[in-house]
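The block underneath contains the structure these notes are about, expressed in structure tokens.
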Amino acid sequence: MDLVPAPASHVHRPDRAGVVLDASTVLAAAPGTGTAERWLRTTLGAAFGLPLPPAPGGTAPHGTGPGGVMALRLDPGLGPEAYRLTTTADGAVDIAGGDAAGVFWGAQTLRQLLGPDAFRRAPVRPGTAPRLAATRIEDRPRFAWRGLLLDVARHFLPKDDVLRQLDLLAAHKLNVLHLHLTDDQGWRVEIRRHPRLTEVGAWRPRTKRGHRASPLWDDTPHGGFYTQDDLREIVAYAADRHIRVVPEIDLPGHSQAAIAAYPHLGNTDVVDTAALGVWDTWGISPHVLAPTEETLRFYEGVLEEVLDIFPATTSPFVHIGGDECPKGQWRASATAQARIRELGVGDEDGLQAWFVRHFDRWLADRGRRLIGWDEILEGGPARPSPATAPPAPPAVLPSPGAAVSSWRGYAGGVAAARAGHDVVMCPEQHVYLDHRQDGGPDEPVPIGYVRTLEDVYRFDPLPPGLPADAAAHVLGAQANVWTEVLDSRSRVDYQTFPRLAAFAEAVWSTTLPAPADRDFPDFARRMTTHYRRLDALGVAYRPPGGPAPWQRRPGVLGRPIEGAPPDV
């Protein structure tokens with residue numbers, strides 16, 4: 001079997017004849033299973049040269065029938081995203097799903113059962129009919145949010161690379177792509193009413209090579225952006241794979257690219273913002289948005305276009321960042337200080353919370369939900385604070401509908417869940433896949449914590465001791481791939497895989513025991529087969545024995561965190 005992620009239950013029946021897929025195999029798709037039907041014809045049809053024509057007369061009764069029928073059907077009793085895959089005694093294949101997504105995930109499991117050749121784009125053994133052993137698999141996901149953040153702001157990835165990432169997510173039963181579209185180093189989404197965001201903000205003249213402490217520079221100009229139709233294509237492609245795309249538009253920090261394009265967005269009374277360019281190094285820029293009505297109207301216009309590109313039918317969430325906002329310019333700005341007094345928010349932390357709360361209400365009025373990094377809780381009682389500290393005014397607290405991406409460990413997510421906010425766990429110390437995979441000297445541009453394949457396999461989105469009512473607010477988890485030191489598709493592949501396969505099992509499989517009791521040797525054994533699938537897909541993953549010579553980056557400095565405890 002060697003399935004990744006491992007299913008809830010599977011029964012292999014070697015005493016029964018299996019199924020042979022050949023030119024006579026027909027596809028019987030019940031209403032509501034069209035996404036899996038199209039995907040099977042496109043993917044398995046191409047890999048094996050099979051036409052998979054529609055079954056005569058439509059769907060086989062109850063998904064069963066004579067040999068040579070692959071049947072897709074809905075069985076709502078299975079539950080959301082759940083599926084049951086069965087090969088019948090008469091040689092048919094039946095995939096039943098609790099909903100359309102469940103049928104699709106069952107089709108992904110079928111692909112794995114058919115061997116690594118099923119992951120190729122054309123037949124490599126023409127005339128050889130793929131075989132499927134007699135089996136019965138029942139499966140369902142542990143969490144509803146199983147995601148990957150892809151940072152296209154620091155290093156731009158062309159549209160085709162994003163579409164490829166969606167296929168890789170689908171192959172691992174992951175269902176959220178969080179697109180980090182804006183930051184200090186680049187603005188990647190076309191906004192028609194503000195064209196300079198991409199004319200100016202999408203390009204930088206040079207780029208720091210390695211960590212920000214590195215003396216090396218790449219003097220090749222870097223940039224790019226997605227047109228609105230590019231993003232609509234990405235959203236539609238994702239929806240066909242039952243993946244939601246969550247856009248991130250950063251504010252009020254991480255905004256230097258926007259300020260470089262439109263200087264009036266910055267704190268013009270303390271900085272000559274007209275002289276700013278798109279940032280060419282890493283870290284946290286001190287240049288943040290000015291707390292003015294003009295800035296609010298500007299970003300409302302941006303988000304109006306974003307909502308049109310990313311419809312609520314595919315994802316209700318819009319990420320606004322809300323993190324790492326230096327306060328130095330606001331402290332020095334007479335405009336910002338007057339705004340603090342006018343709003344009655346107390347201080348600069350309250351001003352940041354006011355920004356968040358404004359767009360929380362704005363999005364809610366349009367039927368959307370704000371999600372932001374765990375800093376969005378700061379300034380109010382949702383954050384643990386000394387008993388003597390006065391709470392921030394209620395007007396600046398995020399609404400109950402606002403969700404939190406907990407990145408600074410588990411604590412922010414625990415506080416959010418206890419306060420009634422939905423949470424996506426993505427703690428830096430566990431699932432930041434840009435962090436190095438080994439402590440050896442050959443890791444390319446090593447940064448952050450050492451997080452091995454086994455470390456990620458033992459990740460659990462639910463920290464020990466979280467009460468049941470708070471745990472119910474944990475939507476799931478996502479792995480984050482930040483691209484400051486990932487300057488190409490191959491570097492993204494190397495840092496992401498194979499650890500994303502381990503993450504996928506941690507968030508999908510319902511039968512995993514507590515992290516310390518997980519059978520990593522069994523997972524590593526199954527990965528032996530899964531590496532062949534990744535090879536067939538052309539994924540430039542990190543080999544188990546360490547980087548290949550062409551994957552190393554000698555002389556490009558990273559920033560190892562030495563001696564850090566595992567759960568900082």
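The values are calculated or read from the model by the stated rules, or taken from the named source; none is laboratory data. For clarity, every value in this text was computed on a predicted model and none was experimentally measured. For neighbour counting, all protein chains shown are included, and Cβ atoms are generated from backbone atoms with ideal geometry for every residue, glycine included.
A residue that is in the same structural domain as Asp219 (by TED's automatic domain parsing), without any contact (Cβ under 8 Å) to a residue 60 or more places away in the chain and among the aliphatic types (A, V, I, L, M) occurs somewhere in the stretch 300-323.
One residue is enough: does the stretch 522-534 have a residue meeting the conditions assigned to a loop (DSSP other than H, G, I, E, B) and either within 25 Å of Ala411 (Cβ to Cβ) or of a type outside the set (Asp, Glu) (or both)? For the stretch 522-534, residues assigned to a loop (DSSP other than H, G, I, E, B) and either within 25 Å of Ala411 (Cβ to Cβ) or of a type outside the set (Asp, Glu) (or both): absent.
Checked against the criterion of being under 30 Å from Val245 (Cα atoms) and among the hydrophobic types (A, V, I, L, M, F, W, C), the candidates Leu557, Leu537 yield just one match: Leu537.
With respect to the conditions (1) surrounded by fewer than 22 Cβ atoms within 10 Å (Cβ to Cβ); (2) without any contact (Cβ under 8 Å) to a residue 40 or more places away in the chain, Arg188 lacks only one, and its number is (1).
Checked against (1) modelled with pLDDT of 95 or more; (2) more than 24 Å from the chain's Cα centre (by Cα), Gly106 passes all but a single condition, namely (2). The set of residues in the stretch 438-466 being on the phi > 0 side of the Ramachandran plot, in a loop (DSSP other than H, G, I, E, B) and not hydrophobic (A, V, I, L, M, F, W, C) consists of Gly465 alone.
Conditions (1) over 15 Å from the mean Cα position of the chain (by Cα); (2) in the same structural domain as Glu428 (by TED's automatic domain parsing); (3) modelled with pLDDT of 95 or more; (4) surrounded by 19 or more Cβ atoms within 10 Å (Cβ to Cβ), marked per residue:
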site: Gly465; (1), (2), (3), (4): yes, yes, no, no
site: Asp469; (1), (2), (3), (4): yes, yes, yes, no
site: Asp487; (1), (2), (3), (4): yes, yes, yes, yes
site: Gln495; (1), (2), (3), (4): no, yes, yes, yes
site: Phe503; (1), (2), (3), (4): no, yes, yes, yes
site: Pro515; (1), (2), (3), (4): yes, yes, yes, no
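Inside the stretch 71-106, residues that are within 18 Å of Gly18 (Cβ to Cβ) and either hydrophobic (A, V, I, L, M, F, W, C) or outside any strand (DSSP E or B) (or both) make up a count of 10. Each residue in the stretch 297-326 was checked for being part of a strand (DSSP E or B) and β-branched (Val, Ile, Thr), and 2 of them qualify. Is there a residue in the stretch 128-149 that is under 29 Å from His254 (Cα atoms), surrounded by 21 or more Cβ atoms within 10 Å (Cβ to Cβ) and aliphatic (A, V, I, L, M)? Checked against the condition, which is being under 29 Å from His254 (Cα atoms), surrounded by 21 or more Cβ atoms within 10 Å (Cβ to Cβ) and aliphatic (A, V, I, L, M), the stretch 128-149 yields at least one hit. Out of curiosity, is Leu486 of a type in the set (A, V, I, L, M), under 28 Å from Gly186 (Cβ atoms) and in a loop (DSSP other than H, G, I, E, B)? It is true that Leu486 is of a type in the set (A, V, I, L, M), under 28 Å from Gly186 (Cβ atoms) and in a loop (DSSP other than H, G, I, E, B). For the stretch 297-342, a residue qualifies if it is closer than 24 Å to Asp269 by Cβ and aromatic (Phe, Trp, Tyr), and the qualifying residues are Phe298, Tyr299, Trp330. The condition of being under 30 Å from Ala170 (Cβ atoms) and in the same structural domain as Val485 (by TED's automatic domain parsing) holds for only one of Asp250, Asp218, that being Asp250. Looking across Tyr449, Tyr494, one residue alone is free of Cβ contacts under 8 Å to residues at least 60 places away in the same chain and closer than 21 Å to Arg559 by Cα. It is Tyr494. Is it the case that Val539 is assigned to a helix (DSSP H, G or I), among the hydrophobic types (A, V, I, L, M, F, W, C) and at pLDDT 95 or above? The answer is no for Val539.
For (1) closer than 25 Å to Tyr432 by Cα; (2) assigned by TED's automatic domain parsing to the domain that holds Pro221; (3) among the aliphatic types (A, V, I, L, M), each residue gets a yes or a no:
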site	(1), (2), (3)
Leu74	no, no, yes
Gly91	no, no, no
Leu113	no, no, yes
Pro123	no, no, no
Thr128	no, no, no
Asp151	yes, yes, no
Pro158	yes, yes, no
His172	yes, yes, no
Val176	yes, yes, yes
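Yes/no per residue for (1) basic (Lys, Arg); (2) more than 27 Å from the chain's Cα centre (by Cα); (3) surrounded by fewer than 23 Cβ atoms within 10 Å (Cβ to Cβ); (4) on the phi > 0 side of the Ramachandran plot:
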{"residue": "Ile320", "(1), (2), (3), (4)": "no, no, no, no"}
{"residue": "Trp330", "(1), (2), (3), (4)": "no, yes, no, no"}
{"residue": "Ala338", "(1), (2), (3), (4)": "no, yes, yes, no"}
{"residue": "Gly346", "(1), (2), (3), (4)": "no, yes, yes, yes"}
{"residue": "Phe355", "(1), (2), (3), (4)": "no, no, no, no"}
{"residue": "Arg361", "(1), (2), (3), (4)": "yes, no, yes, no"}
{"residue": "Ala364", "(1), (2), (3), (4)": "no, no, yes, no"}
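Only one entry of His242, His222 meets the criterion of being out of contact with any strand residue (DSSP E or B) (no Cβ under 7 Å at 6 or more places or on another chain) and modelled with pLDDT of 95 or more, and that entry is His242. Selection of the stretch 423-437 for residues being assigned to a strand (DSSP E or B) and either touching a Cys at 6+ places or on another chain (Cβ under 6 Å) or in contact (Cβ under 8 Å) with a residue 60 or more places away in the chain (or both) yields only Val424.
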